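Only one structure is covered here, and it is reproduced in the block below.
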Amino acid sequence: MRMRRLLTRALRLPSVRAIRGATTVPHDDPLAIRDAVIELLDRLREENGLSDDEVISAIFTMTSDLTSAFPAVTARAAGWSHVPLLCTSEVPVPGGMARCLRLLVHAERDWGQHPPRHVYLREATALRPDLAMDRVVARVAAMG
């Protein structure tokens, strides 16, 4: 498998990768869910330089306290009309993060030397503190 990845990168062939993302929604309201989805998609596109035609599929999950809207409806309106989308519920684990919307995107492109950048926003940054710290370090390094 490692040899295949090396060849794919060396020949600059497209490959499929998964990109994770998550955010929280302040309250269960269709507009609040829409705003959270748009913010998450915009950041995911920006962080990965991702165009809509590179997206193969996406799976949205929401915690059981979010029921007023389907995230896929917003994603379609935001440019993913050709992308197979699925919405499902998170496992209701006691003590889990409330009002959390998660996203798993499959994308095909030439990734080169740039691995997918996962995006965690709002209170969902607590789900992956390691990624938040990586971004802080990268920003400081970019400043000189």
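Each value in this text was obtained by applying a stated rule to the coordinates, not by laboratory testing. Keep in mind that this is a model prediction, so the values were computed, not measured. Glycine gets a Cβ as well: all are built from the backbone with ideal geometry, and neighbour counts include every protein chain shown.
Between A126 and V73, the simple spin-label model (points 7 angstrom out along Cα→Cβ) gives 2.9 nm.
Modelled label positions at H106 and S89, each set 7 Å beyond Cα in the direction of Cβ, lie 2.5 nm from each other.
Fully extending the segment from I38 to A18, taken as 0.36 nm per residue of separation minus the present Cα-Cα distance, adds 5.3 nm. Counting neighbouring beta carbons within 10 Å and listing from fewest to most, the residues V37, V93 come out as V93, V37. Kirkwood hydrodynamic radius computed over region 13-143 comes to 15.3 Å, based on all pairs of distinct alpha carbons. The residues M62, M97, when put in order of fewest to most other Cβ atoms within 10 Å, stand as M97, M62. Our coupling estimate for region 62-69, obtained by passing each phi through the Karplus curve with A = 6.51, B = -1.76, C = 1.60 and θ = phi - 60°, is 9, 6, 5, 8, 10, 9, 8, 7 Hz, Gly and Pro reported as x. The dipole here belongs to region 13-143: it is taken about the Cα centre, uses +1 on the Cβ of Lys and Arg and -1 on the Cβ of Asp and Glu, and is about 200 debye. Neighbours of D28 by Cβ distance under 11 Å: Lys/Arg scored +1, Asp/Glu scored -1, total -1.
Counted by neighbouring Cβ atoms within 10 Å, the residues F70, F60 run from fewest to most as F70, F60.
Within the shell of other residues whose beta carbon sits under 11 angstrom from the beta carbon of D53, the net charge comes to -2, with Lys and Arg scored +1 and Asp and Glu -1. Per-residue 3J(HN,Hα) values for region 28-38, derived from phi via the Karplus relation 6.51 cos²θ - 1.76 cosθ + 1.60 with θ = phi - 60°, read 7, 8, x, 5, 5, 5, 4, 4, 5, 5, 4 Hz in sequence order (x marks Gly and Pro). Residues whose amide H lies under 5 Å from that of Y120, counting only those 5 or more places away or on a different chain, are A22; hydrogens are built 1.01 Å from N in the peptide plane.
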